[in-house]
Every structure is written in C-alpha cells, then in structure tokens.
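**Student:** I have a structure I would like to understand better, so I am pasting it below and will then ask my questions one at a time.
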Amino acid sequence: DYYDFLDLGDQRIGIALADIAGKGVAAALLMAVVQASLRIVAAEKGLSLPELAARMNGLLHRSTNSNSYATFFYAQLDERSRQLRYVNAGHNPPYLVRPLDGEPHPDAGPEIRELSIGGTVIGLFPQMSYEEATVDLRSGDVLVAFTDGVTEALNAAEEEFGEERLKDLLRGIVHLPAPEISTRISEGLRGWIK
C-alpha cells in the first residue's frame, strides 16, 4: 500500500493512495514506480486529473510486466475554494463523511458519499481514459481514504470487516478530531481481527 501528500503550491495539496497488486519485492518495486511516476507527472503544469491518471497508467504499463497493476486514487484539495477534485482508478472509494444539516430524523446519521468516479486500475492496459469529479467541501466534512486491508480484515470466523461495518463505525466518530478518528478505526480493526 502507498499513500502520499504533495505540496502543489498556491494552497493546493495532492493526496494519493494506491494499492499494489501482489506481494514481496515485485510489489515493492511497483510501488516505487508509482511513487516516482506520480511525483514527475504531478509536477507538470496544466495537467487535468484524467490526463494525470492516463499518464500514470501508461508509465506503469510500460515499466512492468503484463499482469502488474495498482489501484490508484488521486485528489487535489484547493484550500482557498474548499474544492476537492479527484480521480479514482479502481481503488476502494474513499468516503466523504458529511454531518447532516438542520433537524435530521433521530435515526439518521451523517451522509457518507463514496468517491468512485474515475476508471479502471492503472498499469494493466496500455491506453485508458479516466474521468474526474469535484466535491465542494463544507465545514465538518471528513475524508476517509483506505485500502482493502481495512475492509478485508478477517476475524477468527473468517468474516471480513466490510464496508458497512466501517461506515457504521464512522457514523459514530465523525464528530471527533482527525487523530481520534484514526485511533478509533485502528482500535476497531484490532478488536475485529483478534
């Protein structure tokens, strides 16, 4: 698994998350290719997020064998406009957890939006096209990005932690500060896999 934050200047931050297919040395080398490629491609001026994902796909496809690939999520946060633009290339959709406005029904919890717009994994096919989406962020919004290591964590009965369990957990902790949210997710997973 790979995550990264890039200072893009002008109050913009790049957020990257990838899950490399396979294990061991081959996967570690693929991760290094993803990291280096992203650093090079993200530095190009005027590149749209679909173009960035397509460029990453091409670089990865040329650099690896035919069955190597990675899921990839990349977002750019503009702190001034409070906009999050993203492209999701086959990765587990991160969650945008948004507290409800007004007087919600007592049983209703925060809204959880999956950030799934994009396309297929990077590196598997020589030429792919991607889409991007934009989210206008509000005060209190929480972005939760994760890999399948969270949702596929198994308990003693071989049951996966799953997306619904993660969403239920988030509904109860979204009001907490970010470090505490992270701690609670980790504790929930540790309790699950015992």
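The values are calculated or read from the model by the stated rules, or taken from the named source; none is laboratory data. Quantities reported herein were computed from a predicted structural model and do not represent experimental measurements. Note that each Cβ is placed from the backbone with ideal geometry, even for glycine, and that neighbours are counted across all protein chains shown. Heads up: the accessible areas ignore ligands, DNA and RNA and are worked out on the full protein's heavy atoms, side chains in. Shrake-Rupley method; radii C 1.70, N 1.55, O 1.52, S 1.80 Å.
**Student:** Longest exposed-loop-site-free stretch of the chain, with GluC sites (Glu not before Pro), DSSP loop and at most 14 other Cβ within 10 Å? Display every interim value, and only then the final one.
**Tutor:** On the way: sites that count: GLU44, GLU79, GLU131, GLU152, GLU158, GLU159.
Value returned for the longest uninterrupted segment is 80-130.
**Student:** Using Cα pairs closer than 8 Å and at least 6 residues apart in sequence, work out the relative contact order for the chain, in percent. Provide the component values of the computation, followed by the final result.
**Tutor:** Details: 361 pairs, mean separation 38.3, N = 194.
Answer for the chain is 20 percent.
**Student:** Name the long-range amide H neighbours of LEU8: under 5 Å, sequence gap of 5 or more, or other chain; modelled H, no Pro or chain starts.
**Tutor:** Hits under the 5 Å cutoff: ILE13, GLY14.
**Student:** Heavy atoms only, probe 1.4 Å: what % of the accessible area of the chain goes to carbon and sulfur, would you let me know?
**Tutor:** Working: 5370 of 10540 Å².
So the carbon and sulfur contribution to the accessible surface is 51 percent.
**Student:** Quick check on packing: order 188-194, 52-58, 66-72, 11-17 by the mean number of other C-beta atoms within 10 Å, highest mean leading.
**Tutor:** Values: 188-194: 13.3, 52-58: 23.0, 66-72: 20.0, 11-17: 17.0.
Ranking the peptides 188-194, 52-58, 66-72, 11-17 by packing returns 52-58, 66-72, 11-17, 188-194.
**Student:** To continue, here is another question. Using θ = phi - 60° and the Karplus form 6.51 cos²θ - 1.76 cosθ + 1.60, what ³J(HN,Hα) does each residue of segment 16-33 get, whole Hz, x for Gly and Pro?
**Tutor:** So the J values, rounded to whole Hz, are 10, 8, 9, 10, 8, 6, x, 9, x, 4, 4, 5, 5, 5, 5, 4, 5, 5.
**Student:** Where does the charge balance sit around ILE13 when Lys and Arg score +1, Asp and Glu -1, over other residues with C-beta under 9 Å from its C-beta? Don't skip to the answer; put the middle values down first.
**Tutor:** Values: positive: ARG12; negative: ASP7, ASP78, GLU79.
Result for the neighbourhood of ILE13: -2.
**Student:** Grab every C-alpha pair in the chain, bin the distances at 5 angstrom width from 0 up to the longest one, and report whole percents.
**Tutor:** Binned Cα distances yield the sequence 1, 7, 15, 18, 19, 16, 13, 8, 3, 1, 0.
**Student:** Could I ask something else about it? Per DSSP helix of 4 or more residues, -39500 (n - 2.57); summed, then divided by the residues of the chain. What does that give at 222 nm, rounded to the nearest 500? Before the final figure, lay out each step's value.
**Tutor:** Working: 5 runs with 65 residues, N = 194.
So the helix-based figure for the chain works out to -10500 deg cm²/dmol.
**Student:** Name the residue from PHE73, LEU52, GLY188 whose Cα lies farthest towards the positive end of the charge dipole of the chain, charges +1 on Cβ of Lys and Arg and -1 on Cβ of Asp and Glu.
**Tutor:** My answer, from the dipole projection, is LEU52.
**Student:** If each residue of separation counts as 0.36 nm, what is the full-extension length gain between SER182 and GLU114 once their alpha-carbon separation is subtracted? Spell out each step's value before the answer.
**Tutor:** Working: separation 68, 0.36 × 68 = 24.48 nm, distance 1.83 nm.
Length gained between SER182 and GLU114: 22.6 nm.
**Student:** Taking the Cα centre of the chain as the origin, how large is its charge dipole in debye, to the nearest 20, when only Lys and Arg (+1) and Asp and Glu (-1) carry charge on their Cβ atoms? Walk me through the numbers on the way to the answer.
**Tutor:** Values: 18 positive and 28 negative charges, 122 e Å.
Taking the Cα centre of the chain as origin, the dipole is about 580 debye.
**Student:** Which listed residue (ALA36, PRO93, ILE117) has the Cα farthest towards the positive end of the charge dipole for segment 23-120, taking +1 on Lys and Arg C-beta and -1 on Asp and Glu C-beta about the Cα centre?
**Tutor:** Positive-most Cα among the choices belongs to ALA36.
**Student:** Pop out the ³J(HN,Hα) list for segment 49-54 in order, Karplus 6.51 cos²θ - 1.76 cosθ + 1.60 with θ = phi - 60°, rounded to Hz; leave Gly and Pro as x.
**Tutor:** 5, x, 5, 4, 5, 5
**Student:** Right, next: Can you tell me, using C-alpha contacts under 8 Å and at least 6 residues apart, the relative contact order of segment 108-163 as a whole percent? Don't jump to the answer; show the numbers that get you there.
**Tutor:** Working: 28 pairs, mean separation 10.4, N = 56.
The normalised contact order for segment 108-163 reaches 19 percent.
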